[in-house]
Each structure stands twice: as C-alpha cells, then as structure tokens.
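For reference, the structure is listed below as structure tokens.
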Amino acid sequence: VQLVESGGGLVQAGGSLKLSCTASGDIFSINTMAWYRQAPGKQRELVAALTTGGSTTYADSVKGRFTISRDNTGNTMYLYLQMSNLKFEDTAVYYCNADYYVDSYSLLSAWGQGTQVTVSS
C-alpha cells in the first residue's frame with residue numbers, strides 16, 4: 001500500500017482546508033485509515049481515524065471542526081480530511097496512515113510523506 005497526501009498549505013485562522021490522501025496498491029487489504037499530525041517539537045498525534053465499517057474517531061481538539069471521509073474508485077482509495085475553523089494550533093505536518101493486512105492475522109502500517117498545514121493567526 002502506498003499513500004500520497006495533498007492539499008496542505010497556508011490558511012488564515014478561521015479558514016478551511018481539505019486534505020486528500022491517495023492510496024494505491026492492495027487497497028482491499030486496508031483496515032483502518034487515519035490522519036495524524038506532528039507539530040514542531042511535539043510527538044505525532046492521531047487527528048482522526050476511519051474504519052472499514054465506517055466508525056470514526058476524532059481527537060478532542062478537532063471534534064466538531066474536522067471531518068474524515070473515504071471514497072473508492074476502481075483500484076484507488078481516497079481519504080479526506082475536511083478542516084474548518086482552523087486554529088493556529090492546528091499548524092503541523094499532516095500524515096496519512098493506513099493499517100493493512102499482509103495475511104489473515106498480521107497488520108502493517110503505511111505512511112504518506114506528509115503535507116504541511118500552516119495556520120496564520
């Protein structure tokens with residue numbers, strides 16, 4: 001599974017931005033997909049996750065402002081993160097993540113290269 005993010009950029013506080021992640025390879029082995037972020041000097045943290053069953057998880061800091069969604073087209077899967085009412089503290093590199101099965105019992109984790117989101121105050 002390979003992941004490529006896009007959609008990052010510079011936005012003013014209160015603005016919106018939509019991140020996209022394109023997943024290719026054995027997308028039908030994917031279990032959960034998620035967005036993580038890492039701000040300078042901080043650990044990488046979970047922003048939002050979406051299971052194949054449609055269950056979502058959000059960090060408390062983004063609840064009500066961010067929405068995670070997924071779409072399939074042929075052999076490509078797309079993961080989105082719609083971000084609204086952005087705050088300065090949302091500034092970070094955002095990473096797409098996918099946990100996928102390599103056999104009936106084993107999961108591996110794939111990561112994208114990251115996309116920078118900068119919110120100006």
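With respect to the stated conditions, Y94 fails to be at pLDDT 95 or above, buried (at least 17 other Cβ atoms within 10 Å of the Cβ), more than 18 Å from L3 (Cβ to Cβ) and of a type in the set (F, W, Y).
Condition check: in contact (Cβ under 8 Å) with a residue 12 or more places away in the chain and either touching a Ser or Thr at 6+ places or on another chain (Cβ under 8 Å) or not aliphatic (A, V, I, L, M) (or both). Does L17 satisfy that? Judged against the criteria, L17 is not a match. Of all residues in the stretch 60-89, exactly one satisfies the criterion of being surrounded by 11 or more Cβ atoms within 10 Å (Cβ to Cβ), part of a loop (DSSP other than H, G, I, E, B) and modelled with pLDDT under 95, namely N75. Touching a strand residue (DSSP E or B) at 6+ places or on another chain (Cβ under 6 Å) and without any contact (Cβ under 8 Å) to a residue 24 or more places away in the chain: does that describe T56? In short, yes. With respect to (1) of a type in the set (G, A, S); (2) under 18 Å from V1 (Cβ atoms); (3) not in a loop (DSSP other than H, G, I, E, B), the lone exception for A48 is condition (2). Among the conditions (1) closer than 30 Å to S121 by Cα; (2) in contact with a strand residue (DSSP E or B) (Cβ under 7 Å, 6 or more places away or on another chain); (3) not basic (K, R), V1 misses just one, which is (1). If only residues of the stretch 97-121 that are farther than 17 Å from V1 by Cα and of a type in the set (G, A, S) are counted, the one that is nearest to the chain's Cα centre (by Cα) is S120.
Scanning the stretch 45-58 for residues that are closer than 13 Å to S69 by Cβ and surrounded by 17 or more Cβ atoms within 10 Å (Cβ to Cβ) yields a total of 4. Restricting the first member to the stretch 106-121 and to residues that are open to solvent by 40 Å² or more (accessible area, probe 1.4 Å), and the second to residues that are basic (K, R), the beta-carbon pairs closer than 9 Å and six or more apart or on different chains are S121/K87. One residue is enough: does the stretch 29-43 have a residue meeting the conditions free of Cβ contacts under 8 Å to residues at least 60 places away in the same chain, under 19 Å from Q2 (Cβ atoms) and not basic (K, R)? Looking for residues that are free of Cβ contacts under 8 Å to residues at least 60 places away in the same chain, under 19 Å from Q2 (Cβ atoms) and not basic (K, R), one finds none in the stretch 29-43, hence no.
The values are calculated or read from the model by the stated rules, or taken from the named source; none is laboratory data. This is a predicted model, so every value here is computed, not measured. Note that we place each Cβ from the backbone using ideal geometry, even for glycine, and neighbour counts take in every protein chain shown. To get the accessible areas, we keep the full protein, side chains included, count just its heavy atoms, and leave off ligands, DNA and RNA. Shrake-Rupley method; radii C 1.70, N 1.55, O 1.52, S 1.80 Å.
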